[in-house]
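Chemist: Before I ask anything, let me first share the structure, which is written out below as structure tokens.
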Amino acid sequence: MAKAIMFLGTGSDVGKSIAATAFCRIFKRRGYKVAPFKAQNMSNNSYVTVEGGEIGRAQVVQAEAADVLPSVHMNPILLKPSSNLGSQIILHGKVFGQMEALAYHNFKPRLKNAVFESFERLAGEYELIVMEGAGSCCEINFKENDLVNFSMAKAVNAPCIIVADIDRGGVFAQIIGSFHLMTRKERELTVGFLINKFRGDQNLFSSGIEYIEKKTGRPVLGLIPFYRDILIDSEDSVAVQEDKRRPKPVDTASVNIAVVRLPSISNFTDLEILEREPDVVVNYLFRTLEFSKEYDCLILPGAKNVMEDAAWLDRTGWKKVIGRFVKEGGKIFGICGGYQLLGEKIKDPLGVESDRKEVEGLNLLPIETLLEDQKVVRRVTGICLINGKRVRGYEIHMGRSKALRHKGEPFLRIHQTGDKKSWDDGWSTAGGRIAGTYVHGILDSQGFRGEFLNNLRRSRGLEEKAARQGRLGRFHQYDLLADHFEAHCDVEKIISLMALRQEDECDGRSAKVILMRDIDAHIEPEAIEKSSFEIIESEVHEPRPFEGDEWLVARRMIHTTADFELLSIINFHPDAIKSGIVALQSGCLIVTDTEMARKGITSRRMDQLGCRVECYIGELEVKEKAQKEKITRASAAVDHALSRLNRAIYVVGNAPTALLRLLECIKEGKCNPAVIVGMPVGFVNAAESKEALMGQTDIPFITIEGRKGGTTLAVSVVNQLAEMALEGV
């Protein structure tokens, strides 16, 4: 059974989620197999897991920090507030029902089995569970039916660390008051405190720490300085709804985006990626007086209650302001609930969100939405029909929207991850000036986001720019967060309080003897591969993010790198595998960007298929061309190979310039490869070249997002395709 530690709070928004995220990363870096767990979360900021279920965004962030795939069992109960008194209940990722607060409070005891089922499942698969509480751990009126704080810690005997927020003031009352409200058992489980968001000289607080430790008999395990330069997704819409800062000034040198701060705003993290672009100003506006025609674009975000938000837009004057903005040429974009609000009517005959049966939308798109009792929850990928850029994201919605007239066109063509059946999503008019989609996370797609912003820059006469590294850069942020906490926490003491130290400090020599005794040094290569695949399949639970042949290729890539993060960044063109197998079975030419890649492709399989593998980077003509034209040899090698590339497979595992040049030649009609395996690696143009590859639709491809890649990864894809081609011969 896994060991567990729990982070509880003296109140809401004190830093429990951030602390749990930091320690997921800290423990992962120390070699533990870690999973996050929060029995019950309340948030309208959710995410779709590989199982096709819905959980709170905070547990997704924590799972990423632990380098594991998010699962519905990490957050078995999700409450999505739809009014001040009621919430939609998500149980194990699926809609369970709608309940008022009092009814849910009385119903909670019946959900304990579901919570413990999830915890036990995680405990059987992981070494360490990092648990998070909710709100204040000492709310006396909620203790009786508590599922998420001390009752959960007692059930699994987890040591608890209490997190307090010194920035909001009253930290002594927070900590000492909470401690004195605890029962004897709760005090026994409490092993110490973390004080979060400290500003100033820590030496000046030494007497404060001594006072807390004297009054409670428990150590202060960390004094965490306030930070601004570490970018971690916020847990829920509280951060937006309670943001009292004045809007940032709009500027003629920047792209200015207004987001309507709807009363039931949800999944606002869709837009955080825009704020990380250096020349973009994003303001969340609640009052119409805050809006002006100087904004380049207005975004309507997701909403948990579109029926009431539609009425609010009309009542507060936003409907008129938005209509006037559009008439004057303004651009508007809606996501999920925001997309529904752009339409003509929204109907709720079953009372899914409101007592209102029908409301009028903004009348900006010719669509009508019907709210149904079955929620759509799925991960999708596809292409934008307006700008041709690849997109990926996820859908979470109760509504089904349909076009009423043939004015405009669909916005996206998408398909479910692992399934080739596609459909049209969203709607747009005026050449995309007014558009909406159901796809959350669409702006995380670097190519789409870059074109979205460049369209606004062109309108303002600003210089176009490549989009910054997207959310894939968040993994570096998790390391920064872990570094920050490690520098200011007594991690060794925390580990010892969890009784992990006892296991770690066994005699090193005897441990090695045990390991050598258990290792079979003469295991056959086939058996190693078989065991590796079995381990991968045991750690990636069904339903997996890829199916069938795509899963076989993805599994091979993981086998080559031992990197499960690849599952979130692999991109398959719908025809890539079929086209690759057909080309190999017809004895095609395979061209690689490096000699290392050429040698890595298994010659035995190529001989059986009648395929040749060639690399031209060492040719004298290529060297001379590169020197003469002052281009890279990788780029020159593409030109050298042009006459041979029709129906060939081109493999790029190293050089972004090779991939960029190849795409130029394809666009100019100079070649027509059967498939591109594009895995360039590095910090300069690697991510951008792969975004360009995903942005075109003419040539099938297999690639990954971001900076990762490499020759061994590209070679593994070709070798797997060859193996599959031989099986079909």
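Chemist: Would you check which residues across region 49-70 are of a type outside the set (Asp, Glu), assigned to a helix (DSSP H, G or I) and over 23 Å from PHE107 (Cβ atoms) and list them?
Modeler: ARG57, ALA58, VAL60, VAL61, GLN62, ALA63, ALA65
Chemist: If I filter region 370-383 for residues that are more than 27 Å from the chain's Cα centre (by Cα) and assigned to a loop (DSSP other than H, G, I, E, B), do I get at least one hit?
Modeler: There is no residue in region 370-383 that is more than 27 Å from the chain's Cα centre (by Cα) and assigned to a loop (DSSP other than H, G, I, E, B).
Chemist: For region 188-201, check the following and say yes or no: at least one residue is free of Cβ contacts under 8 Å to residues at least 40 places away in the same chain, in a helix (DSSP H, G or I) and more than 19 Å from PHE23 (Cα to Cα).
Modeler: Yes - at least one qualifying residue is present in region 188-201.
Chemist: How many residues does region 132-151 contain that are farther than 19 Å from ASN75 by Cβ, in a loop (DSSP other than H, G, I, E, B) and among the hydrophobic types (A, V, I, L, M, F, W, C)?
Modeler: Going through region 132-151 one residue at a time, the tally reaches 1.
Chemist: Can I ask one more? Please verify whether region 103-120 includes one or more residues that are at pLDDT below 90, small (Gly, Ala, Ser) and either surrounded by fewer than 20 Cβ atoms within 10 Å (Cβ to Cβ) or in contact with a Lys or Arg (Cβ under 9 Å, 6 or more places away or on another chain) (or both).
Modeler: So far as region 103-120 goes, yes, one or more of its residues are at pLDDT below 90, small (Gly, Ala, Ser) and either surrounded by fewer than 20 Cβ atoms within 10 Å (Cβ to Cβ) or in contact with a Lys or Arg (Cβ under 9 Å, 6 or more places away or on another chain) (or both).
Chemist: Quick one: which of ARG245, ARG324, ARG287 is surrounded by fewer than 13 Cβ atoms within 10 Å (Cβ to Cβ) and at pLDDT 95 or above? Explain how you work it out, then say what you get.
Modeler: Values: ARG245 fails: at pLDDT 95 or above; ARG287 fails: at pLDDT 95 or above.
Answer to the check: ARG324.
Chemist: Moving on. Take PHE226 and tell me if it is modelled with pLDDT of 90 or more, buried (at least 16 other Cβ atoms within 10 Å of the Cβ) and touching an Asp or Glu at 6+ places or on another chain (Cβ under 8 Å).
Modeler: no
Chemist: Could I ask something else about it? Looking only at region 84-102, count every residue that is part of a loop (DSSP other than H, G, I, E, B) and in contact with a Ser or Thr (Cβ under 8 Å, 6 or more places away or on another chain) and tell me the total.
Modeler: 2
Chemist: Scan region 132-149 and give yes if some residue there is without any contact (Cβ under 8 Å) to a residue 24 or more places away in the chain and either among the basic types (Lys, Arg) or within 16 Å of VAL220 (Cβ to Cβ) (or both), otherwise no.
Modeler: Among the residues of region 132-149, at least one is without any contact (Cβ under 8 Å) to a residue 24 or more places away in the chain and either among the basic types (Lys, Arg) or within 16 Å of VAL220 (Cβ to Cβ) (or both), which makes the answer yes.
Chemist: I'd like to know if region 70-84 contains one or more residues that are aliphatic (A, V, I, L, M) and under 22 Å from GLU308 (Cα atoms).
Modeler: yes
Chemist: Picking from ASN685, ASN654, which residue would you name as being on the phi > 0 side of the Ramachandran plot and in contact with a Pro (Cβ under 8 Å, 6 or more places away or on another chain)?
Modeler: The match here is ASN685.
Chemist: Using beta carbons and a limit of 6 Å, which pairs, at least six apart or on different chains, have the first residue in region 531-552 and surrounded by 13 or more Cβ atoms within 10 Å (Cβ to Cβ) and the second one not in a loop (DSSP other than H, G, I, E, B)?
Modeler: Once the first residue is surrounded by 13 or more Cβ atoms within 10 Å (Cβ to Cβ) and sits in region 531-552, its partners that are not in a loop (DSSP other than H, G, I, E, B) give SER532/HIS559; ILE536/ARG555; ILE536/ILE558; ARG544/TRP551; PRO545/LEU567; PHE546/ALA554; ASP549/ILE577; GLU550/PHE572.
Yes/no matrix, rows are residues, columns are (1) at pLDDT below 95; (2) surrounded by 21 or more Cβ atoms within 10 Å (Cβ to Cβ); (3) within 24 Å of SER46 (Cβ to Cβ):
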residue: PRO249; (1), (2), (3): yes, no, no
residue: THR269; (1), (2), (3): yes, yes, yes
residue: GLU275; (1), (2), (3): yes, no, yes
residue: CYS297; (1), (2), (3): no, yes, no
residue: GLY302; (1), (2), (3): yes, yes, yes
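Chemist: Okay, next question. Which number in (1) within 26 Å of the chain's Cα centre (by Cα); (2) modelled with pLDDT under 95 marks the one condition that GLU132 misses?
Modeler: (2)
Chemist: While we're on this one: Do the conditions hold for GLU360, that is, is it in contact (Cβ under 8 Å) with a residue 12 or more places away in the chain and more than 30 Å from the chain's Cα centre (by Cα)?
Modeler: Yes; evaluated as a whole, the condition is true for this residue.
Chemist: Go through GLU595, GLU565 for me and flag whichever is farther than 14 Å from THR417 by Cβ, of a type outside the set (Phe, Trp, Tyr), at pLDDT below 90 and outside the structural domain of ALA66 (by TED's automatic domain parsing). Outline the logic, then answer.
Modeler: Values: GLU595 fails: at pLDDT below 90.
One residue alone meets the criteria, GLU565.
Chemist: Which residue, of HIS73, HIS105, is under 20 Å from the mean Cα position of the chain (by Cα), part of a helix (DSSP H, G or I) and farther than 22 Å from ASP373 by Cα? Working first, answer last.
Modeler: Details: HIS105 fails: under 20 Å from the mean Cα position of the chain (by Cα).
After ruling out the rest, the residue left standing is HIS73.
Chemist: Then there is this: I'd like the full set of residues that are at positive phi and of a type in the set (A, V, I, L, M), limited to region 322-363.
Modeler: Selection gives nothing.
Chemist: From the set of residues in region 415-454 that are among the hydroxyl-bearing types (Ser, Thr, Tyr) and in contact with an Asp or Glu (Cβ under 7 Å, 6 or more places away or on another chain), which is surrounded by the most Cβ atoms within 10 Å (Cβ to Cβ)?
Modeler: At the first step, the residues of region 415-454 found to be among the hydroxyl-bearing types (Ser, Thr, Tyr) are 417, 422, 428-429, 437-438, 445.
Of the ones still in play, those that are also in contact with an Asp or Glu (Cβ under 7 Å, 6 or more places away or on another chain) are 428, 437-438.
On the way: SER428: 22, THR437: 24, TYR438: 27.
Ranking the qualifying residues of region 415-454, first place goes to TYR438.
Chemist: When you look at THR703, is it assigned to a strand (DSSP E or B), touching a residue at least 12 places away in the same chain (Cβ under 8 Å) and among the hydroxyl-bearing types (Ser, Thr, Tyr), yes or no?
Modeler: The answer is yes for THR703.
Chemist: To continue, here is another question. Buried (at least 20 other Cβ atoms within 10 Å of the Cβ) and within 28 Å of ARG604 (Cβ to Cβ): which single residue out of ALA725, ALA687 fits that description?
Modeler: That would be ALA725, the only listed residue that is buried (at least 20 other Cβ atoms within 10 Å of the Cβ) and within 28 Å of ARG604 (Cβ to Cβ).
Chemist: Would it be correct to say that GLY618 is in the same structural domain as ALA583 (by TED's automatic domain parsing) and farther than 29 Å from GLY388 by Cα?
Modeler: When the stated conditions are applied, GLY618 passes them.
Chemist: In addition: If only one of VAL281, VAL359 is surrounded by 17 or more Cβ atoms within 10 Å (Cβ to Cβ) and touching a helix residue (DSSP H, G or I) at 6+ places or on another chain (Cβ under 6 Å), which one is it? Working first, answer last.
Modeler: On the way: VAL281 fails: touching a helix residue (DSSP H, G or I) at 6+ places or on another chain (Cβ under 6 Å).
Selected residue: VAL359, the only one of VAL281, VAL359 that is surrounded by 17 or more Cβ atoms within 10 Å (Cβ to Cβ) and touching a helix residue (DSSP H, G or I) at 6+ places or on another chain (Cβ under 6 Å).
The values are calculated or read from the model by the stated rules, or taken from the named source; none is laboratory data. Note that the structure is predicted; figures quoted are calculated from it, not measured. Don't worry about glycine lacking a Cβ; one is built from the backbone with ideal geometry, like all the others, and counts go over all protein chains shown.
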